[in-house]
Every structure is written in C-alpha cells, then in structure tokens.
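Engineer: Sharing a structure here in structure tokens format.
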Amino acid sequence: MRRNKALSSTTVAASLLVLTVGFISGYMLATSLSQGQVVTITVTAQTPDGFTVTPQELRGDIIIDGSSTVYPITEAVAEAFMELFPDVSVTVGISGTGGGFKRFVTGESDVNDASRRIEELEMEIARENGVEWIEIPIAIDGLTVAVNMANDWVDCLTIEELKAIWEPGSGVRRWSDVRPEWPDAEIRLYGPGPDSGTFDFFTAKVVGREKASRTDYVASEDDNVLVAGLEAEKYALGYFGYAYYVENRDRIRAVPINADGECVEPSDETIKSFQYPLSRPIFIYVNKEYFEQKPHLQRFVYFYLEKAEGFVEQVGYTPFSELYYRRAVALIKEGVYDRLLDIALIP
Amino acid sequence: MSRVFLMLDKIIHYILLFGISIGVLMLSLLLVTVVTDGWGRLSLGFLTNPPSANPDKAGIAPAFWGSVWVVGLAALISLPLGIATALYLTEFSRHERLNKIIYFNITNLAGVPSVVYGLVGLSFLTYTLGLGRSVIAGAITLAFLILPVIIVASIEAIKAVPELHKLGAYALGANKLQVIARVILPQSLPGALTGGILAVSRALGEAAPLLVISGLLFTRKTPAGLLDQFTVLPLQIFNWVSRPQTAFRELSAAAIIVLLILLLLMNMSAVILRNRLQRRVVE
C-alpha cells in the first residue's frame, strides 16, 4: 500500500513534468514558427515607401496608450509598421484620452492617442516632469447624435436644443419638453461615461463647459452598448463616435444638426469640411525628447502620417487632405510643428 | 397528514428541478450563442497569428502565450507557497489562537474582490518595486489572488490524513521531515493540487486585476521574458467585444471558446486527481 502511494505521487510528479515540457516545447515551436513568418514578411517588403533606413537597422520599443476612439487607427498603423520593421515592438493601450495623458505627462509612454487637445492641468504636470510634446492631428471624427429607427419626428436638432437636453439639472424629461409638437413620451438618454474624450468634447461643445452634463442617463464607455440601447428603445437618444454610426447604419438613425440655420447630416464630406458642427480633430501626442532620441520612433511617426489617409478610412473615420499629411511630415522633419492643427484645418 | 408530506415532497422536487434547469438553461444559452458566433473563426491560424486590424488575419497568439506565462508563473509561485503555509499551520505552529486568527484572515482574503489585488499589485509591484507593467508583476498579483484558496484547500487535505498513519510513522522512529515527506505529502498532495488547479483556472479567467496592471493592450509579440509587457485571453476578448465591426465580435466569441476549452481541460484534470484520491482512500 505504501509503495503504491509512492508510485502514484511519482506519477503525478511525472505528469506535471510532462505538461511543463509540453508547454515549453510548444512555446518554442510557436516562437520559431512566428519567426519564420516574420522572415517571409521581411522578404516580401523589400520596397517600402522609399526611405533610407533598411528595416533591419531599426529596433526598440514604442509604448502607446490613450483614447479608445483613436485606437483602431493606431492599431492598424502599428501592425503594418511591425510587418516592415520586425525588430520594433509597438504596444498600443486603451486607457481613455485622460488616462493615457496621465502616463504620457510623466514620460511613461512615447505616444498618446488623444480624442481632444491636451488640457491645462496636464500641461502643468508635463512641465513639472520636463516632458515636451509634438501635437499631431491625424483625422477628423464627427460625433454622431442618433435615435431609434422608428423615431419619425426628429428631423433636426439645434445645438441649443441639445444643450437643453444634456445640461446639468436639465428639465427635459419628455420629448414634448424639447418641442411641444413631439410625442409626450419619456426621453431615454444614452451617452459615453466621464473618462471618455468623446464626453469631454460633447460637453465642451454643446453645454459650453467641459464635463458638465446631466447624470441621469445610461453611461457606457463601450459604444456598442449605446448602439444596442438606441436600437431597442423607440424613445431613445444618444451620442457617440462616427465610426460606430457607420458600422450600424441599418440599426439606428443619425440626427442632422442645425448649423447656422441649415440642417447638416454627418457624412465624410460634411465632417471633412467641418460644416457638420460636431466635427472634431483627433490627435496623437509624441514625446519630443524620445522622438529626438529614438530613430525608430521618428520612423514610426513619419510612417503614421504617410499611411494615415488609407488607414483612417479603413477604420471608419475621415482623413484630412492628402496635402496636409505630406506637409506635416516635411514640417516635423524641419522641426516646425507648433501649428499643425491650423495647417490641418485649411480646407 | 402523510398525504400533505407527499405533496410537499413533490413540490420541493419541482422547485429544485426549476432551480437547476435555470442554471443549465443559462449555461447552454451562453454556449450556444458563443459557439454559433465564434465557430467559423476558429482555425489553426487563429491560434498562431497575432491580433490584427484585419479581422481575417487576426489571432490570439500573444494573448494565449501571455496567459500561459502569467498563469503558469502564478501557479509556480503560489502552489509551493500555499502548501508550505498549510504545512506550517497544521504541523508546526503551536499557537492555537494565533493559528485561528491567521486561518480566519486567510479565508477572509479569499473573498476580497480581485480588482483590489490588481490595485495593490499596480501600486506596489509596478511602481514601488519598479517592475513595470510586466509579466512578473501580473504573475505575482495573480499568485496572491489565488494563494488563500490554495492554502485553505491544502489545510483541508492535510487534515484528512489519518492521525494513525502519522503516529505509526513516528512510532517507527521517523523524524518530522520524514513524516511530512513520506506520509503527509503523498496522501494530501492530490487534494491540495485539486484545489490548486481549480484556483489556477480561476486565475486564467481573471480580467480585472490584470486590466489594472497591463491595461488593454495591442501587442503582436508573445512575451519572451519576465519584464516584457503582456496581454491575456480575457483582455483580448474584452478588447474585441468593444469594437464596432461585427467581425471582431465573432473573433471575441472564438477566443471565448478557446478560453472555455482551456478551463474545461484544467477542471477535468482536477476531477481526475480527486477521483484518484478517493480510490486511494478506499484502498
């Protein structure tokens, strides 16, 4: 009996060992496989976009964090970049614009994805830590106000009406509170939560004061939740990023916004021309010191701007003019990058 | 009178049946939706490719190996520590009251929300010790998350070793270490490991503490060292679910299937271990 026990504990130990060995050999196999893949990619990528550094010479890490709105673009760019430069490792986090800036202003990250401009308070902390930055606009997002498909009364909303609905302490409870001829039914509100750059932008633009909003609405950082809510409830109203509207055109309806007496629907055209009043530029912020020190970070930023137009469209946002991206690369190479936003906004 | 009891018997039977069928119904609903959404995305490439902005090329390799690294290391750290703690509390410590206090606190720790461990890990491991958002920081956090469960399971397993066996060994002249190595450990290890495996499979499914430490991360590299950044399966799933395109939600369903299969395998090995233990007791 005793021997039997010793035997079985040996069996347990042996099976554990086999498991460990299996994991390790499996890991090594996978690593060698992925290395094999990388090699073939390098071979096929012999003619990149005409730059002077060969892919093999660049190596290092790039740490990116920040907005979930900008994330899909950066992810696509990072992926394409790593296929060309297999020795550069790019990681892209999603902490929200504000959460990302918290790491950026202490020098913890190289790049911050931002769906709004850097704030005064964040600038102060950056200065204390000696962090300087390059602000690069990379695309335009049109914040979309949407309703249920069965909603046939809302044809247009003014900024004032949106303000009346969303401002803190708003008295709007029913649709008829917005316009008397609209249904006497309770209005159900959906919007992003307070960590989101979308929330910051909407409150600043519509209510007039950043982060000032009524709080009795369904808040979610996950825009899919908002879309699902609008799809299910006839008397719902909500707002979120344009990409989520584009993906769900058949499930929800976008509300045109009144700009100087004319109702403008969000579309690539109206967003690009900023005719749509809730258009906003979105950015990447690059740590200036790291940018000057790290050749692979420079290459990444140029690559980002050179390829931005295609990637921006691919993930559902609106790009700036092609001319802007070329100008931006040239200006950053010259070391002049204070007024990139002004240049981006030239029609 | 007996008729009333018979009725009551029947009613309770149906109430209990109702209870279990709700659980089974929810579970099968979950399985059916996940499998129908994700089945088409499962392939060898899905397991070996890194995530991608193009859903047709996207895979879970970094997240899968990240999970293996972090959870494997957490098991390596917490199993020896947990069993050693249990041995000390049951066989060595002579302070009855202190023992009780420690035991009480350990069982309490098992109920602390996992995100709290994540926050402690973030402030202590990531910032104070300077480990960064690394594999080892994640592994240590998970190790401490599952340690209480392992300790409690080990203590139960050790207590189940018949006193007669121990006393017999002592009577034959064995010293304490020999008794532990030859009598206690062989008999209690399967029980302790069963608890350990269940705890580790909990660690495999944890998203909250690792979300705090590593953040939602896009990376194409599988971790190669203790200080590398990482992502794990639950976080990859979380990342894909929140994307607007339906293709990414299919990918997350496929990743959920992989995670469920892994969990099933681990729980199965725990059941097999437990059966071996029971058979031995019968012997």
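Please treat every number below as a calculation from the coordinates, not as lab data. Because the structure is predicted, anything quoted here is derived from the model rather than measured. A quick note on method: Cβ atoms are made from the backbone with ideal geometry, for glycine too, and the neighbour counts reach across all protein chains shown.
Engineer: Test of understanding: ordering B:H165, A:H296, B:H95 by Cβ neighbours within 10 Å, fewest first, what list do you get?
Structural biologist: Least crowded to most crowded, the residues run B:H95, B:H165, A:H296.
Engineer: In a Gaussian network model over chain B where Cα atoms closer than 10 Å are linked, find which of B:A254, B:A169, B:A207 has the largest mean-square fluctuation.
Structural biologist: Evaluated over chain B, the most mobile residue of the options is B:A169.
Engineer: Residue by residue through A:260-272, how many Cβ atoms from other chains fall within 10 Å of the Cβ on average?
Structural biologist: Across A:260-272, the average partner-chain Cβ count within 10 Å equals 0.
Engineer: If each DSSP helix of 4+ residues adds -39,500 (n - 2.57) and the sum is divided by the residues in the protein assembly as shown, what number results at 222 nm, nearest 500 deg cm²/dmol?
Structural biologist: Rounded to the nearest 500, it is -18500 deg cm²/dmol.
Engineer: In nm, to one decimal, how far is the A:Y302 label point from the A:D260 one, both placed 7 Å along Cα→Cβ?
Structural biologist: For A:Y302 paired with A:D260, the spin-label model returns 4.0 nm.
Engineer: Follow-up. Classify the range A:144-277 as rounded, prolate or oblate from the Cα gyration tensor: take a ≥ b ≥ c as the square roots of its eigenvalues, call it rounded if a/c is under 1.5, otherwise prolate when a/b beats b/c and oblate if not.
Structural biologist: Because its axes are fairly even, with a/c under 1.5, the range A:144-277 counts as rounded.
Engineer: Within 10 Å of each residue's Cβ, count the other Cβ atoms and sort B:S201, B:S67 from fewest upward.
Structural biologist: B:S201, B:S67
Engineer: Then there's this: Once the Cα gyration tensor of the range B:26-104 is diagonalised, what are the square roots of 5 times its eigenvalues, in whole Å and ordered largest first, as equivalent ellipsoid semi-axes? If you can, show how the numbers build up before the last one.
Structural biologist: Details: eigenvalues 403, 67, 15 Å².
Those come to 45, 18, 9 Å.
Engineer: I've got another one for you. Using bins 20 angstrom wide from zero, how does P(r) for the protein assembly as shown break down, in % of all Cα pairs?
Structural biologist: Once binned at 20 Å, the Cα pair distances of the protein assembly as shown give 16, 43, 29, 11, 1.
Engineer: By counting other Cβ atoms within 10 Å of each Cβ, how are A:D184, A:D200, A:D177 ranked from fewest to most?
Structural biologist: Details: A:D184 9, A:D200 22, A:D177 16.
The most exposed by this proxy come first: A:D184, A:D177, A:D200.
Engineer: So which residue, out of B:L204, B:L185, B:L233, gets the largest mean-square fluctuation from a GNM of chain B using Cα contacts under 10 Å as springs?
Structural biologist: B:L185
Engineer: While we're looking at this one, here's another question. Where a ≥ b ≥ c are the square roots of the eigenvalues of the C-alpha gyration tensor, would you call the range A:82-153 rounded, which needs a/c under 1.5, or, failing that, prolate if a/b is larger than b/c, or oblate?
Structural biologist: Because a/c hits 1.5 or more and a/b fails to exceed b/c, the range A:82-153 counts as oblate.
Engineer: Just to be sure I understand the rule: take each whole DSSP H helix in chain B, project its Cα atoms onto its long axis, keep it if the span is 15 Å or more and its mean Kyte-Doolittle hydropathy is at least 1.6. Which ones pass?
Structural biologist: B:2-38, B:61-87, B:135-159
Engineer: Express the C-alpha Rg of the range A:209-347 as a ratio against the empirical globular expectation 2.2 N^0.38 Å, rounded to two decimals.
Structural biologist: 1.28
Engineer: Can you work out the Karplus-derived ³J(HN,Hα) for every residue in the range A:270-279? Use 6.51 cos²θ - 1.76 cosθ + 1.60 with θ = phi - 60°, whole Hz, and x for glycine or proline.
Structural biologist: Values per residue, Gly and Pro as x: 5, 6, 4, 7, 6, 5, 5, x, 9, 6 Hz.
Engineer: Other chains near A:87-93: what is the mean number of their Cβ atoms within 10 Å of each residue's Cβ?
Structural biologist: Counting Cβ atoms of other protein chains within 10 Å of each residue's Cβ and averaging gives 5.
Engineer: Under a no-solvent Debye model with one identical scatterer per Cα of the range A:243-314, what's log10 I(q)/I(0) at q = 0.11, 0.12, 0.20, 0.26 Å⁻¹?
Structural biologist: -0.46, -0.52, -0.91, -1.20
Engineer: Right, here's the next one. So, how do all the Cα-to-Cα distances of the range B:191-283 break down into 10 Å bins, in percent, from 0 on up?
Structural biologist: 15, 34, 29, 14, 6, 1
Engineer: Would you list, by chain and number, the lysines whose Cα falls below 26 Å from the Cα of A:K211, excluding same-chain residues fewer than 8 positions away?
Structural biologist: Straight-line reach from A:K211, under 26 Å: A:K102, A:K163, A:K272.
Engineer: Give the Kirkwood hydrodynamic radius (Å, one decimal) of the range B:113-202, defined as one over the mean of 1/r across all pairs of different Cα atoms.
Structural biologist: 15.2
Engineer: Something else now. Under a GNM of chain B (C-alpha, springs under 10 Å), which listed residue has the highest mean-square fluctuation: B:L251, B:L145, B:L227?
Structural biologist: Answer for the Gaussian network model of chain B: B:L227.
Engineer: From the Cα gyration tensor of chain B, with a ≥ b ≥ c the square roots of its eigenvalues, which class applies: rounded if a/c is under 1.5, or else prolate if a/b is larger than b/c, or else oblate?
Structural biologist: Here chain B falls in the oblate category.
Engineer: Next question, about the same structure. Using C-alpha positions alone, give me the convex hull volume of the range B:2-41 per residue in cubic angstrom.
Structural biologist: Convex hull volume per residue, Cα atoms: 34 Å³.
Engineer: In addition: For the range B:74-158, how big is the tail of P(r) above 20 Å, as a whole percent of Cα pairs? List each step's numbers first, then the result.
Structural biologist: Working: 1380 of 3570 pairs.
It works out to 39 percent of all Cα pairs.
Engineer: Using the Cα centre of the range B:44-282 as the reference point, and only Cβ charges (+1 on K/R, -1 on D/E), how large is the resulting charge dipole? Debye, rounded to the nearest 20.
Structural biologist: 380
Engineer: For B:E156, put the label point 7 Å out on the Cα→Cβ axis and report which residues of the range B:182-197 keep their amide N under 12 Å from it.
Structural biologist: Residues B:191-196 qualify, since their backbone N sits under 12 Å from the label point.
Engineer: Distance from a point 7 Å along Cα→Cβ of B:K176 to each backbone N in the range B:68-83: keep the residues under 18 Å and list them by number.
Structural biologist: Answer for the range B:68-83: B:83.
Engineer: At R0 = 41 Å, how high is the FRET efficiency between B:L6 and B:I272 if r is their beta carbon distance? Nearest 0.05 is fine.
Structural biologist: That pair, B:L6 with B:I272, gives E of 0.50.
Engineer: Please give the length that would be gained between B:V241 and B:H95 if that part of the chain were fully extended, namely 0.36 nm times their separation in residues minus their C-alpha to C-alpha distance (nm, one decimal).
Structural biologist: So the extension gain works out to 47.4 nm.
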